Amino acid sequence: QVQLVESGGGFVQPGGSLRLSCAASGSITGFGVMSWYRQAPGKRREWVAVIRSDGIRNYTDSVKGRFTISRDNAKKTTTLQMSSLKPEDTAVYYCKYTVGTLGYWGQGTQVTVSA
């Protein structure tokens, strides 16, 4: 079993930065894929960023150049560094660990970007 706990969300003004963290416990290995998703009010959950076990990263177009995903396999953590935040980045952010056909989600952390 795998448990994921996100932290680091909060309230920030446009142009500001936040760093989200996801701590994993349980049967985590270095071979799984770590991802971040977000869900804004009234909208479907959308994929934001992914980092593979080999370190290859990818981002949805709307966050490229502003967000950076990283992982520390020894510490079983993944982070999402967010900068130049915009009001449209407001959402609940979730981390996800995927290995094979199995996917595990955290409970989410709220990010609010507003003046």
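Answer yes if at least one residue in the stretch 45-63 is of a type in the set (D, E, K, R) and crowded, with 17+ Cβ neighbours inside 10 Å, and no otherwise.
Filtering the stretch 45-63 down to residues of a type in the set (D, E, K, R) leaves 45-46, 52, 54, 57, 61.
Applying the additional criterion that residues be crowded, with 17+ Cβ neighbours inside 10 Å yields none.
The answer is no; no qualifying residue exists.
Can you pull out every residue in the stretch 49-70 that is within 16 Å of Tyr104 (Cα to Cα) and within 12 Å of the chain's Cα centre (by Cα)?
Ala49, Val50, Ile51
Taking the residues in the stretch 68-97 that are assigned to a strand (DSSP E or B), hydroxyl-bearing (Ser, Thr, Tyr) and open to solvent by 40 Å² or more (accessible area, probe 1.4 Å) as candidates, determine which candidate is modelled with the lowest pLDDT.
Checking each candidate, the answer is Thr77.
As an exercise: evaluate Gly103 against (1) in contact (Cβ under 8 Å) with a residue 12 or more places away in the chain; (2) outside any loop (DSSP other than H, G, I, E, B) and give the number of the one condition it does not meet.
All conditions are met except number (1).
Quick one: Arg38 ticks every box in (1) open to solvent by less than 20 Å² (accessible area, probe 1.4 Å); (2) in a loop (DSSP other than H, G, I, E, B) except a single one, so which number is it?
Condition (2) is where Arg38 drops out.
What's the total number of residues in the stretch 20-35 that are surrounded by 13 or more Cβ atoms within 10 Å (Cβ to Cβ) and assigned to a strand (DSSP E or B)?
8
Take the stretch 99-115 and flag every residue that is surrounded by fewer than 14 Cβ atoms within 10 Å (Cβ to Cβ) and on the phi < 0 side of the Ramachandran plot. Working first, answer last.
Initial filter on the stretch 99-115 (surrounded by fewer than 14 Cβ atoms within 10 Å (Cβ to Cβ)): 100-103, 107, 110, 114-115.
Thr101, Leu102, Gly103, Gln107, Gln110, Ser114, Ala115, listed by residue number.
The values are calculated or read from the model by the stated rules, or taken from the named source; none is laboratory data. If you're wondering where the values come from, they're calculated on a predicted model, not measured in any experiment. Cβ coordinates were reconstructed from backbone atoms using ideal geometry, including for glycine residues, and neighbour counts include every protein chain displayed. Surface accessibility is based on the protein's heavy atoms, side chains included, excluding ligands, DNA and RNA. Shrake-Rupley method; radii C 1.70, N 1.55, O 1.52, S 1.80 Å.
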